[in-house]
Every structure is written in C-alpha cells, then in structure tokens.
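Since the structure comes first, as structure tokens, the remarks are kept for the end.
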Amino acid sequence: MNVKHSSVFTNPEVLERLNKLEKSPQMQGKLNELKEGIKNNAFDPMRLIPLIPVVLIIGAVGNYLPSFDYSTYKYPLLIIVAFVVCFAGKFFVNNKVDVSALYADNVLTPILNAILPGTVLENSEGIDNSIFNNLLPISSRYYSNKHIIFGDESKTEFSNMQAMHFSRTESGKTVKKTDFIGQVLLINAKTNINGHIRIVPVTGKTFMGQKLNGYYGKKTKGESEVQTESIEFNNSYSIFSTDDFYTKLVLDPSFIEVLNNLQKRMRVCIYIDSEHIIASFDSGRYILGNPGKSGIENLSLTREYARFRDVLAEYYEIISVIREKLQN
C-alpha cells in the first residue's frame, strides 16, 4: 500500500520539531505542571496525618475509660466519624488536579499540531452517536473521548469509543455487555455512492457454516452480499452493499490484502455512504491516555509521540486510501 498518507505521522521532521519545542522554557513549564499534577493526585500516606489526632483520641477513650459505654454514644460517635471521613474526602477531591485536561492541553495538542498544524483536540465526546450506530447497529449505548479533528484537507476526525448493550437474565437482573473498545476515524466527504457499503467482520459461524456478524449487524433489506476473489477475505469479512460499482472500486487486491493482514490482530469495520467514510478498529483498548506516576520522571513530547505514532499512522492510512479511491 502507498504510505504517503501514514508518513504524515512518521515524518522525521515531526521528531525534529518536537525536540526543538521541548527545549523551550514555556514547554518545560507545561511538562512540569503536568508532572506535579500527577504527583498531587497519587495516593500519599502523608495526607492521612490530619486524621492521626482523631485516631489517638478514640484510642485514649478506650484505654483510659474502660467503663465507657459505647452503645450510649453510638450515634454521636458515628456522626463524628462521618464528619471526619467527609472532611478528608472533600479535602482530597478539592486538591485533585484535572490531569486529563492538562495532558490534552500541555502534551497531546502540541504533538498533534507538530504532526498536522491546525489539529484540534477536544478531551470529550465529539462524534455523533449516529455515526457509531452505522458501525455497530445492535449496540444500544456508546461512549467516546479524545475527539480529534486533524488539520488535514479532509478534516479527518478521530475518537476512542466503547459500545455496549444491556440484557436481562432469567432472574431479571440487568447485565451490561461490552461489544467494542477501540478507535473510530471519520471523514465527512461527498463520495457519489448510491446508498451505502458495509464491510463488517465475521464474528463466528453457525454449525451449518453460515457467517455471523454479531453486533456489527447482519444483512438488511436492500443490501446484497458481495464476494471477492480472496477466500481469506470472504471468511473474515462480510460485504453488505447497495452499490456494487463502488464496492469493487474500494476493494481492489491491494486493499483486500491490507484488511486481511489487519484482521489477524483486530476486527475492522468500514461504513461508507454518500457523505461519510467511517472506519472502526476494535483494538481492545483506548489510546492517548494519561501517563501514570511511574512514567512521569521521563515524560517528554518525543516519548509520548512514540507511544501512539504508529497506531494513528496505520488507521489514518486506511481511511485516507478509501477517500482517495472514491474521489479520484
């Protein structure tokens, strides 16, 4: 596959820009602010010191007043304990730092703009649930974060996403089932497709050999199932389409090979209609998460860039190639 799209993320010049940026006093200040925030939020036994006098007083009462009737003062003591717990809890909460926001503003945003200037990161949901529903129509609830609008010509969007549904057991208990944890990329673009194309992973087979597609949804009314010349692809994916011409245009041998290789690591789903190109990657994890306390001493822009560079490059390449095929 042509790597001209993914090279945006792996370009050596990005590393040079980040090295230069990291040496500036302003960036050092931002990194130190994040480090202090992570340290502040970590559990520190020293914060329990204000509770020591309370423990000592209660112990003294028990030692020096053996005849003290606790049952008589049960409720006042419970009120005192509740007050102490609430005070301590409020103290810890009020002193917590929003590390997620700091990491997004001080680290991720500078890195993403070094890759593609003009990139915007929203540390919250951003992609509409209707987009996710096209990918996993059986799921009933979607959660997303780290919404990115890249500064490329297509304004490609990215988000972590988790999809789930709820069911009831025979005893009437509601059970939550996670259907998907991974990433979604979206391009809003005119494609000239008549209807839509769904390329969905095969999640299993019946004892008769019929393919199952799980929460990605089976073939619906108006869709036809398209077969390719690749037996491996046909066993791994189902293609449900209302536009045979553009389906064959997208699924050329080189792109089929890419999807065949990718399905060995994760389930991939692609949905294309007249206005959207959407791809989901069931990686089983979120990316772009905050570093933990153990990693803050070596925190740097270049290290954080290395954590997600190759993953974003791979995902970006796939959705960009589809866009290129449809707009040429």
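The values are calculated or read from the model by the stated rules, or taken from the named source; none is laboratory data. Here the structure is a predicted model, which is why all the values come from computation and not from measurement. Backbone-built Cβ (ideal geometry, glycine too); neighbour counts: all protein chains shown.
For the reader, a short list of remarks on this structure follows.
- Tally, over segment 218-236, of residues that are closer than 16 Å to residue 134 by Cα and surrounded by 13 or more Cβ atoms within 10 Å (Cβ to Cβ): 3
- Of the residues screened, residue 198 is not one that is part of a loop (DSSP other than H, G, I, E, B) and within 30 Å of residue 146 (Cα to Cα).
- Of all residues in segment 101-109, none are within 23 Å of residue 267 (Cβ to Cβ) and in the same structural domain as residue 321 (by TED's automatic domain parsing).
- Among (1) in contact (Cβ under 8 Å) with a residue 12 or more places away in the chain; (2) in a helix (DSSP H, G or I); (3) not β-branched (Val, Ile, Thr) - the single one residue 306 does not satisfy: (1)
- Considering residues of segment 142-184 that are in a loop (DSSP other than H, G, I, E, B) and in contact with a Lys or Arg (Cβ under 9 Å, 6 or more places away or on another chain) only, the residue nearest to residue 268 (Cα to Cα): 156
- If the condition is being of a type in the set (D, E, K, R), surrounded by 13 or more Cβ atoms within 10 Å (Cβ to Cβ) and over 14 Å from residue 135 (Cβ atoms), then segment 184-217 contributes only 211.
- Test: residue in segment 234-253 that is more than 28 Å from residue 327 (Cα to Cα), aliphatic (A, V, I, L, M) and modelled with pLDDT of 95 or more: no
- Complete set of residues in segment 161-183 that are surrounded by fewer than 22 Cβ atoms within 10 Å (Cβ to Cβ) and of a type in the set (S, T, N, Q): 162, 167, 169, 171, 174, 178
- The one condition in (1) within 18 Å of residue 187 (Cα to Cα); (2) modelled with pLDDT of 95 or more; (3) of a type in the set (Val, Ile, Thr) that residue 321 fails to fulfil: (2)
- Within segment 275-296, the set of residues being in contact (Cβ under 8 Å) with a residue 40 or more places away in the chain and either exposed (fewer than 14 other Cβ atoms within 10 Å of the Cβ) or within 30 Å of residue 30 (Cα to Cα) (or both) comprises 275, 284, 285, 286, 287, 288, 290, 291, 292, 293, 296.
- Of all residues making up segment 17-28, the number that are in contact with a helix residue (DSSP H, G or I) (Cβ under 9 Å, 6 or more places away or on another chain) and of a type outside the set (A, V, I, L, M): 4
- Within segment 257-274, being part of a helix (DSSP H, G or I) and among the hydrophobic types (A, V, I, L, M, F, W, C) holds for 258, 259, 262.
- Residue check, residue 177 free of Cβ contacts under 8 Å to residues at least 40 places away in the same chain, in the same structural domain as residue 270 (by TED's automatic domain parsing) and at positive phi: no
- Subset of segment 144-158 (residues that are within 14 Å of residue 277 (Cβ to Cβ) and out of contact with any Phe, Trp or Tyr (no Cβ under 8 Å at 6 or more places or on another chain)): 152, 153, 154, 155
- Counted residues, segment 136-177 - those being hydrophobic (A, V, I, L, M, F, W, C) and closer than 26 Å to residue 320 by Cβ: 7
- Those residues of segment 242-256 which are in contact (Cβ under 8 Å) with a residue 60 or more places away in the chain and in a helix (DSSP H, G or I), in sequence order: 246, 249, 250, 254, 255
So that you can scan it fast, the table gives a plain yes or no per residue for (1) under 17 Å from residue 273 (Cβ atoms); (2) modelled with pLDDT of 95 or more:
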residue: 128; (1), (2): yes, no
residue: 132; (1), (2): yes, yes
residue: 142; (1), (2): no, yes
residue: 160; (1), (2): no, yes
residue: 163; (1), (2): no, yes
